[in-house]
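Taking it in order: structure first as structure tokens, then the write-up.
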């Protein structure tokens, strides 16, 4: 199982691949999260943790889409970010965004929120209450899979001679005939089965 700890900072977790841009922290992988693609193969990661990372990212939509790309269907991510009304949301000058619960329930294509909580904490040094949003989200398996037998039969009828074992299509509404037409026109990229 491959689990990532994105933007781990000094908080490395055993059993996770710890990724951070700061070499001096000695993460497993040094990578700036502002730069996508992430250094992982498509559909290769089982899930992970992003704890107080996304509020630092200028290119957040692109990063989230790339996290989706590398995550296997059904993969779960735990995300922790400051609530926009919390004093620490903008108290840290390295924060470039803050979040509300709606940030994770609207417009996250390919993700489904399975748990969302707002938790209040007290900062140790100042006794100030701060609120964080904790989200567990699962990657939708936005694919339709056809077995190689039914696919090959249709491929042969269309005069095509080779095909992968399965076909995954990001639009799960397409019929097999439409899939083959899209493949023939070059509009559909097909990945082989794992």
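Read the figures in this text as sums done on the coordinates, not as results from a lab. Predicted, not measured: the structure shown is a model, and the values here were computed from it. Neighbour counts run over all protein chains shown; Cβ positions are idealised from the backbone, glycine included.
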Worksheet item: Which whole-number percent is the relative contact order of the range 3-139 (Cα, under 8 Å, 6+ apart)?
Response: 20 percent
Worksheet, complete the sentence: For the range 3-139, the Cα gyration tensor yields equivalent-ellipsoid semi-axes (√(5λ), largest first, whole Å) of 23, 19, 13
Worksheet item: If R0 is 22 Å, what FRET efficiency do you get for residue 117 and residue 59 from their C-beta distance, rounded to 0.05?
Response: 0.25
Discussion item. Ranking request for peptides 32-43, 56-67: highest mean number of other beta-carbon atoms within 10 Å first, then the rest in descending order.
Written reply: 56-67, 32-43
Discussion item. Give me the one-decimal nm value for the distance between modelled label points at residue 127 and residue 105, 7 Å along each residue's Cα-to-Cβ direction.
Written reply: 3.4 nm
